[in-house]
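Working notes, structure below.
The values are calculated or read from the model by the stated rules, or taken from the named source; none is laboratory data. Note that the coordinates shown come from a computational prediction; the quantities given were computed from them, not determined experimentally. Counting neighbours? That spans all protein chains shown, and the Cβs are built from the backbone with ideal geometry, glycine included.
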Amino acid sequence: MTNLSPTLPGGTWNLGDLTVSRFGYGAMQLAGPWVMGPPADRSAALAVLRDAVELGITHIDTSDAYGPRITNEIIKEALHPYPVRLNIVTKVGGNRDDQGGWPTAREPDQLRKQIGENLESLGLNTLGLVNLRLGNAEGTVAGSIAESFQALVDMQEQGLIRHLGVSNATPEQVAEAMDIAPIVSVQNMYNLAFRQDDELIDLLNTQGIAYVPFFPLGGFSPLQSAALSAVASRLDTTPMSVALSWLLQRSPNILLIPGTSSPAHLRENIAGAGLRFAVSDIAELNTIGR
Ligand SMILES: NC(=O)c1ccc[n+]([C@@H]2O[C@H](COP(=O)([O-])OP(=O)(O)OC[C@H]3O[C@@H](n4cnc5c(N)ncnc54)[C@H](OP(=O)(O)O)[C@@H]3O)[C@@H](O)[C@H]2O)c1
C-alpha cells in the first residue's frame with residue numbers, strides 16, 4: 001500500500017519522534033450506534049480506513065472502548081501489517097458497561113489490562129502514543145492524576161508505550177502530568193463553538209506539545225450556527241469545511257481527528273480543510289464560541 005500524500009491540508013507535526021499528518025482520522029464512528037457493537041456497514045468501515053491511509057493520513061485515533069474492541073479489530077483487519085509511517089494513537093482510562101456507559105477505570109491494574117488489550121486488538125508490540133483519558137462522559141473532573149499517570153510511565157519504561165498524552169484534562173492535570181514525565185499531546189473537547197481551552201492551546205504551542213481537539217465537528221450534535229453558515233455560504237463551501245479549516249489555522253499545534261464512517265465525507269473533509277480566511281471571516285467565526 002502506498003501512502004503519504006504531501007498535499008493534505010496542514011502539513012505535518014512531530015509527536016516526539018513520530019511524524020503525523022496534521023489532518024488525521026478519528027475512528028470512533030466506525031463502531032455501531034452510540035459507539036456500541038458492530039457498524040451497520042463493515043465494508044464501508046474497512047474502506048474508510050484504507051482510503052484514509054491511501055490519501056496520506058498518518059494519524060489514526062482510536063480506543064479499545066469503541067465497540068468495545070470492535071473499532072480496534074476493524075483497524076487491524078483493514079490495515080495490518082501497518083505502513084511504517086502510520087501512527088495509531090489510543091487511549092485508556094475507561095471501560096464500557098452493558099448500557100453503553102463509559103465507567104472510569106484508572107486503577108494501575110485496570111490500566112495495565114487495557115494496555116494489554118489494545119496491544120492485542122491492534123496487533124502491536126508497542127503503542128506509539130497512549131492518552132490517559134480523565135474526567136467522565138460529562139467532561140473534565142479536577143483532581144490528582146499522579147497514580148494513574150505514573151502507572152503509564154512505568155509501562156512506557158517497560159517498552160509497551162512510546163509516548164504519553166492526556167485527554168479530557170484540566171490545565172492543572174496537564175501540568176501535573178508534565179511534572180511526572182514528558183507528554184506529547186493533550187486531547188480535549190474543542191471546536192468553533194466550545195473554546196474553553198484557548199489559553200491552554202497557546203501555552204502548549206509554546207512548549208511544542210500537540211493539542212488534538214475531539215468533537216471537531218461537534219461530535220454527536222453537529223455544529224450549527226448562523227455565523228458558521230454565513231461564512232460557509234460566502235466562501236461557497238460547507239460548514240464542516242469551515243470548522244476544520246478554522247482549527248488548522250487556529251494554531252500550528254492543533255491536529256485534526258474528525259470522525260466519519262463515510263468514504264465520501266472523508267474525501268470531502270480533506271478537500272475542504274485548506275481554506276484560508278480573511279480577517280473579517282475570522283472575526284465573524286470568533287463570535288460563535290464567545
Ligand atoms: N478523548 C476523548 O474523550 C474523545 C471523545 C470523543 C471522541 N474522541 C475522538 O475524536 C474523534 C472525533 O470525534 P467524533 O467522531 O466523535 O466527532 P466529530 O469528528 O466532531 O464529528 C463526527 C460526526 O460528523 C459527521 N461528519 C463528518 N464529516 C461529515 C461531512 N463531511 N458531512 C456531514 N457529516 C459529517 C459524522 O457522520 P458520518 O459518519 O455520516 O460522516 C459524525 O457523525 C473520534 O473519532 C475519537 O477518535 C475522543
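Table for the structure above
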| read-out | value |
| --- | --- |
| Only one of A226, A264 that is surrounded by fewer than 16 Cβ atoms within 10 Å (Cβ to Cβ), aliphatic (A, V, I, L, M) and near the ligand (Cβ under 9 Å from one of its atoms) | A264 |
| Test set (1) more than 15 Å from the ligand (Cβ to nearest atom); (2) modelled with pLDDT under 95 - F277 fails condition number | (2) |
| Positions within region 229-255 being hydroxyl-bearing (S, T, Y), more than 9 Å from the ligand (Cβ to nearest atom) and part of a helix (DSSP H, G or I), in sequence order | S229, S233, S245 |
| Where I60 falls short, out of the listed (1) of a type in the set (A, V, I, L, M, F, W, C); (2) touching a Ser or Thr at 6+ places or on another chain (Cβ under 9 Å); (3) near the ligand (Cβ under 10 Å from one of its atoms) | (2) |
| Near pairs, Cβ below 7 angstrom, 6+ apart or cross-chain, from region 227-239 (under 11 Å from L285 (Cα atoms)) to any residue that is in a helix (DSSP H, G or I) and among the charged types (D, E, K, R) | A227/E284; A230/E284; V231/D281; V231/E284 |
| Enumeration of residues in region 179-195 that are out of contact with any strand residue (DSSP E or B) (no Cβ under 8 Å at 6 or more places or on another chain) and not acidic (D, E) | I180, L192, A193, F194, R195 |
| Residue in region 140-154 that is of a type in the set (A, V, I, L, M, F, W, C), at pLDDT below 95 and in contact with a Gly (Cβ under 9 Å, 6 or more places away or on another chain) present | no |
| Residue tally, condition under 21 Å from V212 (Cβ atoms) and aliphatic (A, V, I, L, M), over region 44-73 | 8 |
| Boolean, E107 is without any contact (Cβ under 8 Å) to a residue 40 or more places away in the chain and away from the ligand (no atom under 14 Å from the Cβ) | no |
